[in-house]
Amino acid sequence: MTITSSAGSDITPQAQLVTIVVDGVAIQIPKGTLVIRAAELLGIEIPRFCDHPLLEPVAACRMCLVDIEGVPKPQPACAQVVSDGMQVRTQLTSPIARDAQEGVMEFLLLNHPLDCPVCDKGGECPLQNQAMSAGRPESRFEGEKRTFPKPINVSAQILLDRERCVSCARCTRFAEQIAGDPMLELLERGVRQQVGTAADQPFDSYFSGNTVQICPVGALTSAAYRFRSRPFDLVSVPTTCEHCASGCSLRTDHRRGTVTRRLAWDEPAVNEEWNCDKGRFAFTYQELGRVETPLIREDGQLRVASWPEALDFAARGLAAASSHGVLVGGRSTIEDAYAYARFARVALKTDNIDFRVRDSSDEEAQFLRSSVAGTAVRTTYETLEKAPVVVLIAFEPEDESPIVFLRLRKAARGGTRIYSVGAAATRGLAKMRGTLIPAKPGAEAAVLAELAEHVRVDLSTPGAVIMVGERIAGVEGGATAVLELARATGAALTWVPRRAGERGALDAGALAGLLPGGRPLTDDSARGAVAAAWGVDSLPATVGLAGTALLTAARDGAIGALITAGVELADLPDQILGRTAIEAVGFVVALENHHSAVTELADVVFPVAVVTEKSGTFINWEGRPRPFAQAFKDALVMSDAVVLGMLASAMNIVVGASDVAGIRRELGALGAWPGPRAEQPSSPAGQVVQGAYLVATWRELIDSGVMQEGEPYLAATAHAVAATVSVTTAGALGNPELVTVTGPLGSVTVSLQIGDVVDGVVCLPLNSPGCALYRDLGVRSGQAVTIEGAV
Amino acid sequence: MITSGLTPVITEHWDKPDLYTIEGYRRVGGYQGLATAIKMDPDAIIGQIKDSGLRGRGGAGFPTGMKWGFVPQNDGKPHYLVVNADESEPGACKDIPIMLANPHALVEGVIIASYAIRASHAFIYIRGEVPHAIRKVAYAVEQARASGLIGENILGSGFSLDVVIHSGAGAYICGEETALLDSLEGYRGQPRLKPPFPAVAGLYASPTVINNAETIANIPYIVDRGVPWFRQFGTEKSPGFKVFSISGHVVRPGIYEAPLGITMSELLDYAGGIRGGGEVKFWLPGGSSVPMLTAEHLDIPLTYEDMAAAGTMLGTGTPMLFDNTVSVVKAVTRWLDFYKHESCGKCTPCREGTYWITGVLEKFEHGRGSAAEVDTLVNLCSQIAGRSFCALGDAAATPYPAALKYFRAEFEAATSTSADAQFDPVASYVFAEAATR
Amino acid sequence: MTISAETRGQLLELAARYPKPRSALLPMLHLVQSVDDEVTIEGINVCAEILGITSAEVTAVVTFYTMYKRKPVGQHHIGVCTNTLCGLLGGDAVYSALSERLRTGHNEPSADGKFWLERIECQAACTHAPVMTVDWEYMDDVTPASAVEVVDRLARGEQVESTRGPVIRDFQATEHTLAFPLDGLVNDGVAVDEKMLVGLRLAKELGMSAASIPAGEA
């Protein structure tokens, strides 16, 4: 190619532009644009129902008919691609378009009930709104409207009022195209056409709530919100989802101090316009079982105390102890996590701190310090969508980061090849058209070391991505092998934690050996700079205890006082260790929003805010800050950071800012660490445990998690609890319907299901009703169990 | 140009009882067209069909050769031929008799057409309600396969073809070509957005030609006997002959094969006129989806162009004739009920419009229409025509305005008098005389 | 029902008939009806499993097409064309007579569950109006009396011949033919009748022919 002009040679070539005229106004737009989008750019809104920018066009509702010069019939703007010189006249300038739209609107209203006053959609209803703007004032229809018995459940959560449906097929297209769950379909034909499910299989999709949101009428409603309020009575605030590390933008609607519903908010870079059902429906926990006042333990019993009394009590208890520890659950905002990281080093003068109140390992800690904490954003949703290849390791996106799943599915539809290193080809993997690289639990590191050449070559393609889940912590040598793979292939490596607060806590330095921004504690200049920023002479210089070591030390009486924040003991694989550790600590200060096993054992309990009562920032898996404002402006509950600030004052220690803005300033001033990073792990690949049956397990999206409490409709859409094994394994077991799985602590009896699972491995949900592996069996992934047919 | 008389071609040997077998078909010269075609360059066959001027016999009359020519060649994708034998248009009964009596003409046409468009897979989509025809075609395909005319390396040409007989399951909309494709792919038979057109992205998103069964049955004869022979029948714009099925109140309803351009009155003569020496009240040249005509239109040539000029369409070329015993209100109502039943439900105007119009017409049928609604219905039809997703909506909007044009008084009378009171239904039965005697 | 190993084998055979297995869904559902006398939930689930699609996707298809029934059809499906031409030429009277005799209505089984009555749309047999179908085999040119007689004879277990095809079997047998059309009955009955020949006979009578014009002479 010969470059004849230097001008613009460094500019990426633009999409070819064409000029069209809409209602007399010319616009240049990229070739291939739909007329309806072109009109939007000019601020001309063509009415529509079936059109949705993220769904493929169907041109079914015919509401968007426009008049195109030279075309004899009015054309649907939602399916008509622009061509150069096209002259489009919408309802604003064309009597033909106006008449066509009015005709369609009249037809749409024909069989639509006039039940707007009792319909949930009333007030935010595209049909209602567009009937006003694009309809005729009077209907000429005098016949009988089509009716259906109402409503029907398409799932425990989603209800369908069929007579309101306008057959736009947004819901069914969403189910098929976006979620990959075509369990909701158009049934019947003609005027009897209706949305529905198979007779014996409900629409149990993790993403079902989106159909309610995109329904342009009130046909689909949720059991949780149905008849609860009118949209115009609600106060809406933009928020960020607190459940997983996907980092969805949400809209929280509330009325009289209560959240009434949550919706997915438009965030093209992250969740597009979708969210998962947990993010949408699981918010009732916020009001349940709250710690409402400070509590102190007196004569073995917790009693209500005033703030000054409790702060004084806590300050004295902490001061009296000679050794300390801090456990921050993975649910904190980065601001709160930072406050803990700072409080530990400044007020308690300890580096014994960890946010990983879950399965963890020293190797993982090294991996996080060296390769994740404070690193710049490299892999994003957008780069995932464009990645030629994505390899998933110890990560089940549909359960563990559902919006990552949706984006990977979109990527796969566009040609991205997806591999999963694991023990089972799950339904989620099938929906991503992915390929399983079989690995017995515990053998992942060995499998990665022996990865087939074609996968390595694939991974060497520019833009390739390795996504590793937090479960890598449970794999000996896993993190080491993943780092080696990334190094060898040049693929981008990204860590996807499960909880919303983990990445922020890591970046904030809430992990032993790590200071904010990825600074190694052991690096003198890094430590010195942080000490200066925090206004202290020095910080602890030796790496403290974390993970199991911290708990073990506590159990052995080596920790005099412990602060817990958002700690759920049931999340620990060794529940006996967790409980005995807390019991053994002389003085426990719990900052919790809910009563829990920890508050039952604590000496002081401080109530702290839930996400609606504070502002803050979650850092999602990309490393992207997802800030949110306080939904309830007049909430009086304080954030963790504010309580810690008060506690420091009670201890006569100055710790710096405790308001969100102040903390953000401090974090911003520190920035990311440009210096040498902590050393990478180098653990040998672990040995696969010997045993007839090994457990592969992860947390399903909808399970027994405490943040799903109080939402029975959501719980009812959870996947059925089952032990999934291969055909061969099932045969060896004698193909029983039910099996009893036994571990060191006990047994569970669940139904047996055949799946594409590595022989000799049993897949079980980690924490589902009737099957909580840590508690009931005392096993974690990769450990051996016995299985017997049950009657 | 021959535009009168009877010209049996496809039907020429129907009186031979074994025509449906390959032996019987071969005895009358069958598969000679294929023998000729397989030695030709495929593009030459496409050229020949283009030159013949053959137009689709399914209703739209699109030039067949042009359709074949749209298929991109050397595109590396599989090509498919799909025969539309979903004959369900009210009044049309010509494809089923062709399949029943002369299935090998269809099969031979399929092989030639597949060869021409470089398809190695052909499907014959036959409506499910006709097991007797499905059986005959399936048998013909099996016999052709056994004779080496279907399968690998046909007649040593290197061309290979598989033909699959596919049974539908009861949906008029599947006669719409893209709905047929969805149905053939195992989905609900709802029409697809165009573009892409089937010639580019049809079955399994690959280039596909969809032709009506009668159209395909013409192919062997054109290839065998040549373009000049074919073009001597019919007119410049409507060349060839047509299997006319004549039904209704005629003395001898049945199959009449005649050149295009023949008039209805000539055909009616062959069919023995209207029963009892009666008169034509109204007639439809090709299915319920084309506007009706009256006795004054009997001398208009039955061609695509002349029918269009008369404000109607040749359609499937299967005239239905009704005598004066028939209530046009009842006839139109019944057709609308059909379109309502067969509307696929995808688009609003057709789904809701047919529901509304049918309800109003049913009132008229029972003598409870209102004068205002006589005109409202016209407006409702105009809200469907040209605005629906596919031609089914246009078809549904056709019968009423056409009927109103000639029989307004009857609809106005139906504001007080039911159709049955205006016209004794028994009088229109074909067995009425027998019953009353 | 119980999808036997044999039926499952036939379903798989149908799925293998097409370049993409899902194309076989319509014939597969016909086969399900041939075994179950209706499209059962189990039948839907088996088709879904074989094709790797959801039961909802199969249900969407089942409910779209009128030939698939969600209740047992019984031994014989009786269809009467009541579209305009057949209906007005006598199909309405035929339907009424049958409805009265079978004491059932449109798309419903008879009281004894043996027959299923349905007003059907145009059967492409308008030259033979009014038309009735028994298990989708044609009974051309019926009258109310002849139609009732057909039903009565079937009820008595007598042999009834369709006017175009083989002896009437039963609904399930026809559904099997729709899935596997090579049922060995192709030579039964007539290929053409007088109405299909009326034009040809007249042409011969009048000495009219297209073949007599030599090819290439215009």
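Just the number, please: percent antiparallel of the DSSP beta bridges in region A:452-539, rounded to the nearest 5.
Antiparallel bridges: around 40 percent, rounded to the nearest 5.
Would you mind working out the accessible area per residue for chain B, using a 1.4 Å probe, and quoting it in Å²?
28
Gap in Å between the Cα centre of region B:64-119 and the Cα centre of region B:328-398?
If you average the Cα positions of each part, the centres end up 32 Å apart.
Going by alpha carbons, how many degrees (0 to 90, nearest 10) lie between the helix axis of B:213-225 and the longest principal axis of chain B?
Its long axis makes an angle of about 50 degrees.
With θ taken as phi - 60° and the coefficients 6.51, -1.76 and 1.60, list the Karplus ³J(HN,Hα) couplings across region B:175-190 in order, rounded to whole Hz; mark glycine and proline as x.
Those phi angles translate into x, 6, 4, 7, 5, 4, 5, 4, 4, 5, 8, x, 10, 4, x, 10 Hz.
Kindly tabulate the residues in region B:185-207 with an accessible-area decrease of at least 30 Å² between the chain alone and the assembly of all protein chains, using a probe of 1.4 Å.
Buried by 30 Å² or more upon assembly, which counts only protein chains, are B:Gly186, B:Tyr187, B:Arg188, B:Leu193, B:Tyr204.
Interface size between chain B and chain A, please: total buried accessible area, 1.4 Å probe, rounded to the nearest 100 Å².
When B and A are taken together, about 2700 Å² of accessible area is lost.
Using a 10 Å cut-off around each Cβ of peptide B:10-19, what is the average number of partner chain Cβ atoms that fall inside?
That works out to 4 on average.
Taking Cα atoms, how many degrees apart are the long axis of helix C:5-15 and the longest axis of chain C, rounded to 10 and kept between 0 and 90?
Roughly 60 degrees between the two axes.
Using DSSP to call loops (not H, G, I, E or B), can you name the GluC sites (Glu not before Pro) in region B:183-284 whose Cβ has at most 14 other Cβ atoms within 10 angstrom?
B:Glu236, B:Glu279
Per residue of region C:158-172, what does 6.51 cos²θ - 1.76 cosθ + 1.60 with θ = phi - 60° give for ³J(HN,Hα)? Whole Hz please, x for Gly and Pro, Karplus curve as stated.
7, 6, 10, 9, 6, 7, 10, x, x, 4, 4, 9, 8, 4, 5
Please give the charge dipole size of region B:1-134, origin at the Cα centre, charges +1 on K and R Cβ atoms and -1 on D and E Cβ atoms. Round to the nearest 20 debye.
That gives region B:1-134 a dipole magnitude of about 240 debye.
Over the protein assembly as shown, with every protein chain in place, what whole percent of the accessible area is carbon and sulfur at 1.4 Å, could you tell me?
Looking at the protein assembly as shown in its full context, I get 53 percent from C and S.
Shielding by partners for A:181-188, please: the mean number of other protein chain Cβ atoms within 10 Å of each residue's Cβ.
Going residue by residue through A:181-188 and averaging, the value is 6.
Do the sum for chain A: with -39,500 (n - 2.57) for every DSSP H run of n ≥ 4, divided by all residues, what is the mean residue ellipticity at 222 nm, to the nearest 500 deg cm²/dmol?
Estimated from H runs of four or more residues: -7500 deg cm²/dmol.
Would you mind getting the accessible area per residue of region A:32-171, heavy atoms of the protein chains only, 1.4 Å probe, in Å²?
Value for region A:32-171: 40 Å² per residue.
Within region A:87-160, list the GluC sites (Glu not before Pro) lying in a DSSP loop whose Cβ has at most 16 other Cβ atoms in a 10 Å radius.
A:Glu124, A:Glu138, A:Glu142, A:Glu144
Are there trypsin sites (Lys or Arg not before Pro) in region A:553-642 that DSSP puts in a loop and that have at most 16 other Cβ atoms within 10 Å, and which ones?
A:Lys633
Using a Cα-Cα cut-off of under 28 Å, which lysines could be cross-linked to A:Lys633, ignoring same-chain neighbours fewer than 8 residues away?
Excluding near neighbours in sequence, the set is A:Lys121, A:Lys278, A:Lys614.
When DSSP assigns beta bridges and you keep just the ones with both residues in the protein assembly as shown, what percent turn out antiparallel, to the nearest 5?
Antiparallel: roughly 55 percent of the beta bridges in the protein assembly as shown.
For a quick check: with amide H placed at 1.01 Å from N, whose amide H comes under 5 Å from C:Thr133's, ignoring anything fewer than 5 positions away on the same chain?
C:Gly79, C:Val80, C:Cys81, C:Met139
Of A:Asn275, A:Ala602, A:Phe174, which is farthest on the positive side of the dipole of chain A, counting Cα position, with +1 on Lys and Arg Cβ, -1 on Asp and Glu Cβ, and the Cα centre as origin?
In chain A, that residue is A:Phe174.
Taking a 32 Å limit on the Cα-Cα distance, which of the listed pairs C:Lys20/C:Lys195; A:Lys73/B:Lys330; A:Lys386/B:Lys194; A:Lys31/A:Lys410 fall beyond it?
Distance filter (> 32 Å) returns C:Lys20/C:Lys195.
Residues of region B:69-102 with accessible area at least 50 Å² lower in the all-protein-chain context than alone (1.4 Å probe)?
B:Cys93, B:Leu100
Mind checking the angle between helix C:92-102 and chain C's longest principal axis? C-alpha axes, 0 to 90 degrees, to the nearest 10.
Its long axis makes an angle of about 40 degrees.
Search the structure for amide H atoms under 5 Å from the amide H of A:Gly477, placed 1.01 Å from N in the peptide plane, and list their residues when 5 or more places away or on another chain.
Amide H neighbours of A:Gly477, under 5 Å, 5+ apart: A:Gly686.
Is the C-alpha gyration tensor of region B:305-379 telling us rounded, prolate or oblate? Criteria: a/c under 1.5 is rounded; beyond that, a/b larger than b/c is prolate, otherwise oblate.
Note, shape of region B:305-379 comes out oblate.
Determine the distance separating the Cα centre of region A:122-152 from the Cα centre of region B:1-35; give it in Å without decimals.
One Cα centre to the other: 58 Å.
Cut-off 10 angstrom, C-alpha nodes, Gaussian network model of chain C. Which of C:Leu200, C:Leu185, C:Leu117 fluctuates the most?
C:Leu200
Skip the ligands, DNA and RNA, and give the accessible area per residue of region A:487-619 with a 1.4 Å probe, whole Å².
With all protein chains present, region A:487-619 gives 28 Å² per residue.
Any idea of the total accessible area buried by the C-A contact, 1.4 Å probe, rounded to 100 Å²?
Approximately 1100 Å² gets buried when C meets A.
Amide H of B:Val250: which non-local residues (sequence gap of 5 or more, or other chain) have their own amide H closer than 5 Å, using H built in the peptide plane?
Amide H neighbours of B:Val250: B:Arg275.
Please report how far the C-alpha centroid of region B:193-270 lies from that of region C:162-184, rounded to the nearest whole angstrom.
Each part's Cα centre sits 29 Å from the other's.
Per-residue HN-Hα couplings for region C:107-118, Karplus 6.51 cos²θ - 1.76 cosθ + 1.60 at θ = phi - 60°, whole Hz, x for Gly and Pro?
With coefficients 6.51, -1.76 and 1.60, one gets 6, 9, x, 6, 4, 7, x, 8, 10, 10, 10, 8 Hz.
At the nearest 100 Å², what buried accessible area, both sides summed, do you get for B and C when the probe is 1.4 Å?
6900
In region B:331-370, what residues drop by 30 Å² or more in accessible surface going from the chain by itself to the full protein assembly, probe 1.4 Å?
Correct list: B:Arg334, B:Phe338, B:His341, B:Lys346, B:Thr348, B:Pro349, B:Arg351, B:Glu352, B:Tyr355, B:Trp356.
Just check region A:592-642 against the gyration tensor rule for me: Cα atoms, a ≥ b ≥ c as the square roots of the eigenvalues, rounded for a/c under 1.5, and otherwise prolate or oblate depending on whether a/b exceeds b/c.
Oblate is the answer for region A:592-642, as a/c is 1.5 or above yet b/c matches or exceeds a/b.
The values are calculated or read from the model by the stated rules, or taken from the named source; none is laboratory data. What you see is a predicted model, and the numbers here were worked out from it, not measured in a lab. Cβ coordinates were reconstructed from backbone atoms using ideal geometry, including for glycine residues, and neighbour counts include every protein chain displayed. Note: accessible area is taken over every heavy atom of the protein model, side chains too, but ligands, DNA and RNA are not part of it. Shrake-Rupley method; radii C 1.70, N 1.55, O 1.52, S 1.80 Å.
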